[in-house]
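Take a look at the structure set out below.
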2 protein chains.
Amino acid sequence: MKSSLRRGHVNIEDVEPQVDCGRYRAKAIIGDLVTVRADIYRDGPAVLAATVRFRGPDDKRWSEARMVHVDNDRWTGAFRPDRIGVWEYGIEAWTDRFATWRRDLKARVEADQVMDLELQEGAQILEDHLRALPSSERKTVKQAIASLRAPAEQEGAASSFEDPRITAPLDEHIAELISKHHTRAGSSVTKPVLQLTVDRALARFGAWYEFFPRSTGHEGEHGTLTTAVDELDRIASMGFDIVYLPPIHPIGTTWRKGRNNSLDPGPADVGVPWAIGGEDGGHTAVHPDLGTIDDFDTFLKEADKRGLEIALDFAIQCSPDHPWVTEHPEWFMHRPDGSIKYAENPPKRYQDIYPINFDTEDREGLWRELKGILDFWIGHGVTIFRVDNPHTKALPFWEWAITTIKAEHPEVILLSEAFTRPKVMKGLAKIGFTQSYTYFTWRNTKAELTEYLTELAATDMAQYFKPNFFANTPDILHEYLQTGGRPAFKIRLVLAALLSPSYGIYSGYELCESTPVKPGSEEYLDSEKYQVSQRDYDAEGNLNRYVTRINRIRRAYPVLEHLTNLVFHDVDTPNLMAFSKSLPGETPILAVVNLNPYHWEEGTLTLNLEALGLDPWDTFKVHDLISDETYEWQGAQAYVRLDPFHEPAHVFRVLK
Amino acid sequence: MKSSLRRGHVNIEDVEPQVDCGRYRAKAIIGDLVTVRADIYRDGPAVLAATVRFRGPDDKRWSEARMVHVDNDRWTGAFRPDRIGVWEYGIEAWTDRFATWRRDLKARVEADQVMDLELQEGAQILEDHLRALPSSERKTVKQAIASLRAPAEQEGAASSFEDPRITAPLDEHIAELISKHHTRAGSSVTKPVLQLTVDRALARFGAWYEFFPRSTGHEGEHGTLTTAVDELDRIASMGFDIVYLPPIHPIGTTWRKGRNNSLDPGPADVGVPWAIGGEDGGHTAVHPDLGTIDDFDTFLKEADKRGLEIALDFAIQCSPDHPWVTEHPEWFMHRPDGSIKYAENPPKRYQDIYPINFDTEDREGLWRELKGILDFWIGHGVTIFRVDNPHTKALPFWEWAITTIKAEHPEVILLSEAFTRPKVMKGLAKIGFTQSYTYFTWRNTKAELTEYLTELAATDMAQYFKPNFFANTPDILHEYLQTGGRPAFKIRLVLAALLSPSYGIYSGYELCESTPVKPGSEEYLDSEKYQVSQRDYDAEGNLNRYVTRINRIRRAYPVLEHLTNLVFHDVDTPNLMAFSKSLPGETPILAVVNLNPYHWEEGTLTLNLEALGLDPWDTFKVHDLISDETYEWQGAQAYVRLDPFHEPAHVFRVLK
């Protein structure tokens, strides 16, 4: 609560984007038009002017973008970050004396009230600004001053817009010129400076594919990073952008789990990749059965050749055999007898996992070592990390680590794999995670999807939380997929890929794998988490072509790269859902999806035509990019019928 | 954007109350329970604890009030300010190790998993806290430690709640004790400290009555502060709390306005009280025709005897005859010929008024002089000011002046008379005005009233904006009153007095004065602003008894002192509106108002029974405090019929 005799004379409030009063950074993508909004007002009827001040990483000087008044004292301005990294921005607002004089003069002219003194006043304001003008412009302004100072041709002649004394000073060019170079005496500047993380395009828009390299072997053999290369052509040809690998590090043997999470593994059991660390090393080592660090480098190169980026898993936990257990026992939690605590969520016990004590006395040593793991893999060319259960690790650690890493490597993308309470999910995004897993897998009805997507796309969350819709994961095989058959897999793929700019599938999805370990469980039977699984990706009923088509559509239509442009359209039946994405100058995409995988549904679609850039009586065509059929529609209403056993979704491009 | 290795391990976000990220103070009334809310969370499943820290004016030490978790990581705590002035508050949150251990132990017991080591761990935590406990409590805790350390009576015996080793340590008393004295290592404290202006009760709840002292003379004579005393009994007996006087200072003669705002006054015309200043002085002088400063002191004393407080008008503007015009010409705005600028809103001109230049070079001299005016009247015992058009004066001045005045005289109440754009109205309340005039006079339909009251009572505005609903003012005679007759005056009185804790009328309202100066104008004919008007307050058709009854109801039912307890109830016809106010332990008041002053209306009322503290099948009585009739109702629905020519409103007390 500050008050002073010298405060600026304009109030600037409710600046957007702004996350928790500027405590956290908002997010944007390079090339985005970042729109900055604020309430700007002062006492009295004076005309105001305002500008967004912004600067990119390492810029010393501020650039400016003029703001305009929209409505109800809300102003808007925008800038377009052209580099990734941390940008800063704020607002400066001031009183425009000349614009105020000009507005008032017009009102006086219209009321036949112009007096010589008012013209002298305008001349004085122009004179006050002469020095600030570029020398090339001074002549024009001097002429305007001279005409204001000229004696009236006859008494009362100044009361019309034809009066030569006011024609020049009321000219638009002079108004713009003075506005641009107007003194900012008494201006207000927002404090403190706000920050914006500007990321590369893949931070928002990308198709992810997850697979276990150890499952790429032939004829039952343990796969390697070398055999994993063989999968890359298939994945790239389906149109994916990012390949995400579960941990590739040595796996502990103590308390190793067997197939289907059994506690009595056999000697051939390969263990869980998230039980990291063994005699062959920890988080910076490659599991010997997968190959060497050189094999990893080769794998990365091969991926790069095919336009794929690799995302590694970053899971901060250790098997009892991790080197840190002996080298740094102080980094773990201990029980009264000195033994190291395994992970628990009483009464559940996870003896194969030792959690880290982020509040250890050697906090600095531990935190730097952990960040060093990211540095190690960044050194090998990895810039995307899927972070395992970040919500069970200290949030202050993440804030420090991500801030530090992004300062050094702004290209790094971190995906938060947190499935927890809403505020914690949001908190992780606020403290710096680039992308986040979501509740998408558990949102299956039209009401659930509409409510959740509205929260993600049309609330404050959109400023900092970038969703990544995984349709399945090794941990989540939703009942909808277990029971809905092939149509369910198509439906959920379309929803994930078109609702969210980033989405992903875990391998097997394209084969419609749907058998749970037991009824009521979301775990897979014979889960790859505990064993090697080999697949025939060309098996009958595969969705390879469908996935490929959807990914092609994603790449072909720029409207799908965004989230906040999502609009829902009404369909008068609960199982049919319609949504679109549009952008100025781009072809809109309109999807209509039958959410019922068991039966056809029909209904009347009522379009929000304005959202599609259409006038109420426009005739327009919609071309289904799945079926290749074209319909001619007029007005807001259209009949739709979708049979899941034929095609459960229309994905229309809207042709005006 | 701070990140550090040493940040507290709990996140605290979205603290309420908080106005514009703490830039402005929230408001409360002495004795209010101030509820503080925040999102509080950390990583992992640990049990958290949190407290509101608060301190009153001049307190060096912080007091604390424990917070509890409500839902979805939202916590709440409360404190009750017992003094007026500026209070400070914040939140501290930490991890409760003992509560976490206790919760986990229970889960282990239920799962037959308790191991000796876990009991040792609990003993260790208790030992760590022994020193922090009051010595009287140490014995109990030592016993609990001893039982945890005791050997099991038999193998596995610890797995039941009957195990004597865990009975004591799981005891509620120990849990509360340790919770209270728990170490706060790694706690987080919100920064910066938030502030709250705590005002006296009259800042929120009061009935205002406005009259012109000069109109209290007899037989056409100019009234004085002495004749004005004669009005006080009448006003007090009607149940008003505050008497507001338009400016009582000398009135300028240059450019003086005549009757009905004419520009050719006669020698007998008294001028506009807001054209302040003449040869007899300025803002600290009393108009000689009204009397002397001693007469004013007497007037104040007489008001005080009758339980009335006096509100003076503070209008920062001058007539051309104000002493400052010669003593401080630099405080005004000047035209190029050196003459002082009169007020304008082109093409409108107000030659009788010179506005002040708040941005003058002698800003400090001017601002201190202006504040000195308030100091002068405060010195004479005035602590309530109605501030004229504050939105045309520098907002930074108000923020400085109000902050400074309130620091010295926290009992001062300032009512902002701004009728301007919404953001500016809100801004004035944020920078410190205690109360605000509103758009109430222009909200006459059910939809308009419901929308506006919902904004005032149920949005962020309620944290800082305290409405004062004037049913009329010398400037505003709404068309609804001009055409609606006596029923309209009753309707608007009930609405103003029961919807808003503070409300007011300008004299003549009780006589249903309704003649505008011309059709389409909201100005009164023969307005007292320009002339002396004498009235017969006992004239036929007066509302004196009605006003008295409404003010008595206001004083009798504490639920009417509040705004945020307002709830609207559905009535199935547009012209009938129903609303209630309730508080725990107090009798609810339910009003049903016919907004149509021309015709009876009937309809079905559907009550929000929960808001009235009623169960769905309760039978209850409603007693109309206007008609004295009692009805027995059951359930949510009731038939209502209101004839404006009989009584346009029910004001029920709800009897359970």
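When each copy gets a label point 7 Å from Cα toward the beta-carbon at residue B:623, what are the spacings between them in nm, shortest first?
Inter-copy label distances (nm, one decimal, shortest first): 7.8.
Put +1 on the Cβ of each Lys and Arg and -1 on the Cβ of each Asp and Glu in chain B; which of B:551, B:484, B:453 then has its Cα farthest toward the positive end of the dipole?
Farthest towards the positive pole: B:453.
Would you mind counting up the charge near residue A:52? Only other residues with Cβ under 12 Å from its Cβ, with Lys and Arg at +1 and Asp and Glu at -1.
Details: positive: A:37, A:53, A:55, A:66, A:80; negative: A:16, A:64, A:88, A:92.
Here the charged neighbours net out to +1.
If you bin every alpha carbon distance in the protein assembly as shown into 20 Å steps from zero, what whole percent lands in each bin?
Pairs per bin, as whole percents: 9, 29, 33, 22, 7, 0.
Mind giving me the FRET efficiency for residue B:330 and residue B:548? R0 is 51 Å, r the Cβ-Cβ distance, nearest 0.05 is fine.
0.50
Determine the per residue accessible area of the stretch B:479-543 with all protein chains present and a 1.4 angstrom probe, expressed in square angstrom. Show your work: numbers first, answer last.
Numbers: 2200 Å² over 65 residues.
Accessible area per residue: 34 Å².
Under unit Cβ charges (Lys, Arg +1; Asp, Glu -1), what dipole magnitude, rounded to 20 debye, does the stretch A:566-655 have relative to its Cα centre?
That gives the stretch A:566-655 a dipole magnitude of about 180 debye.
Tell me, what is the FRET efficiency for residue B:124 and residue A:68 to the nearest 0.05, using R0 = 51 angstrom and their Cβ-Cβ distance as r?
Values: r = 64 Å, r/R0 = 1.26.
After rounding, the FRET efficiency stands at 0.20.
Given an 8 Å cut-off on Cα distances and at least 6 residues of separation, report the relative contact order of chain A as a percent.
It rounds to 10 percent for chain A.
Going toward the positive end of the dipole of the protein assembly as shown, with +1 on Lys and Arg Cβ and -1 on Asp and Glu Cβ, which of B:605, A:515, B:148 do you reach last?
Projecting each Cα onto the dipole axis, the largest value belongs to B:148.
Give the residue list of GluC sites (Glu not before Pro) in the stretch A:487-564 that are DSSP loop and have at most 12 other beta-carbon atoms within 10 angstrom.
A:540
Within chain B, what percent of beta bridges assigned by DSSP are antiparallel, to the nearest 5?
On the way: 76 of 107 bridges.
Taking every DSSP beta bridge with both residues in chain B, the antiparallel ones total about 70 percent.
Rounded to the nearest 0.05, what FRET efficiency is calculated for residue B:263 and residue A:161 with R0 set to 35 Å and r the Cβ-Cβ distance?
0.80
Treating only the Cβ atoms of Lys and Arg (+1) and Asp and Glu (-1) as charged, compute the dipole magnitude of the stretch B:383-489 about its Cα centre; round to the nearest 20 debye. Walk me through the numbers on the way to the answer.
On the way: 11 positive and 11 negative charges, 19 e Å.
Dipole size: approximately 100 debye.
Mind scanning A:518/B:106; A:393/A:423; A:27/A:581 and naming the pairs with a C-alpha gap bigger than 22 Å? Can you show the working numbers first?
On the way: A:518/B:106 29 Å; A:393/A:423 15 Å; A:27/A:581 20 Å.
Violating the 22 Å Cα-Cα cut-off are A:518/B:106.
Take residue A:445 and residue A:180, extend 7 Å from each Cα along the Cα→Cβ direction, and tell me the distance between the two endpoints in nm.
In this crude label model, residue A:445 to residue A:180 measures out at 5.9 nm.
One quarter of the convex hull surface, Cα atoms only: what value does that give for the stretch B:192-259 in nm²?
Averaged projected area of the stretch B:192-259's Cα convex hull equals 8.7 nm².
Residues of the stretch A:637-656 with the amide nitrogen closer than 14 Å to a label point 7 Å from the Cα of residue A:623, along Cα-to-Cβ, please.
Taking a point 7 Å out along Cα→Cβ of residue A:623, the residues of the stretch A:637-656 whose backbone N falls under 14 Å are A:651-656.
Taking each residue in A:393-400, count the Cβ atoms of any other chain within 10 Å of its Cβ, then average. What number comes out?
Counting other chains' Cβ atoms within 10 Å and averaging over A:393-400 gives 6.
Only Cα pairs under 8 Å and at least 6 apart count here; give the relative contact order of the stretch A:566-655 as a rounded whole percent.
On the way: 205 pairs, mean separation 29.0, N = 90.
Answer for the stretch A:566-655 is 32 percent.
Can you give the Kirkwood hydrodynamic radius for the stretch A:98-180, in Å, rounded to one decimal and based on Cα pairs?
12.6 Å
Using Cβ-Cβ distances only, list the Cys residues of chain A with no partner cysteine under 4.7 Å, sorted by number.
So, A:318, A:512.
Can you tell me the Rg and the Dmax, both Å, for the Cα atoms in the stretch A:509-656?
In order Rg, Dmax, the Cα atoms of the stretch A:509-656 give 18.2, 60 Å.
What residue of chain B has the nearest C-beta to the axis that moves B onto A, and what is that distance in Å, given as a whole number?
Smallest Cβ distance to the axis, with its residue: B:21, 2.
Just how large is the dipole of the protein assembly as shown about the Cα centre, in debye to the nearest 20, putting +1 at every Lys and Arg Cβ and -1 at every Asp and Glu Cβ?
Result for the protein assembly as shown is approximately 1680 debye, rounded to the nearest 20.
Interface A/B, total buried accessible area with a 1.4 Å probe, nearest 100 Å²?
The buried area between A and B, both sides summed, comes to about 6300 Å².
Restricting to the protein assembly as shown, what percent of DSSP beta bridges are antiparallel, rounded to 5?
Restricted to the protein assembly as shown, the bridges split so that about 70 percent are antiparallel.
How about the stretch B:596-647: which chymotrypsin sites (Phe, Trp or Tyr not before Pro) there lie in a loop by DSSP and see at most 11 other Cβ atoms within 10 Å?
B:617
Place +1 on the Cβ of every Lys and Arg and -1 on the Cβ of every Asp and Glu in the protein assembly as shown, take the dipole about the Cα centre, and give the residue among B:46, A:222, B:589 whose Cα lies farthest towards its positive end.
Of B:46, A:222, B:589, it is B:46.
I'd like the trypsin sites (Lys or Arg not before Pro) in the stretch B:430-474 restricted to DSSP loop residues with at most 11 other Cβ atoms within 10 Å, sorted by number. Mind dumping the intermediate values first?
Numbers: sites: B:430, B:443, B:446; in loops: B:443.
Nothing satisfies the criteria.
Cα convex hull of the stretch B:257-416: mean projected area in nm², to one decimal?
Hull-based average projected area comes out at 11.0 nm².
Inter-copy label distances at residue B:351, 7 Å along the Cα→beta-carbon direction, one decimal in nm, shortest first?
10.0
Counting Lys +1, Arg +1, Asp -1, Glu -1, what net charge surrounds residue A:241 among other residues with beta carbon under 11 Å of its beta carbon?
+2
From zero outward in steps of 10 Å, how is the percent of C-alpha pairs of the stretch B:11-95 spread across the bins?
Per 10 Å bin, starting at 0, the Cα pair percentages come out as 18, 49, 27, 6, 0.
How much accessible area per residue does the stretch A:14-173 have, counting only protein heavy atoms and a probe of 1.4 Å, in square angstrom?
Heavy-atom SASA per residue in the stretch A:14-173 reads 47 Å².
Shielding by partners for A:38-46, please: the mean number of other protein chain Cβ atoms within 10 Å of each residue's Cβ.
For peptide A:38-46, the averaged partner shielding equals 6.
Please report, for residue B:47, the nm distances (one decimal) from its label point, 7 Å out from Cα along the beta-carbon direction, to the equivalent points in the remaining copies, shortest first.
6.6
If you count, for every residue in B:427-433, the Cβ atoms of partner chains within 10 Å of its Cβ, what is the mean?
2
The values are calculated or read from the model by the stated rules, or taken from the named source; none is laboratory data. Since this is a predicted model, take the numbers as computed values, not measurements. Counting neighbours? That spans all protein chains shown, and the Cβs are built from the backbone with ideal geometry, glycine included. Surface accessibility is based on the protein's heavy atoms, side chains included, excluding ligands, DNA and RNA. Shrake-Rupley method; radii C 1.70, N 1.55, O 1.52, S 1.80 Å.
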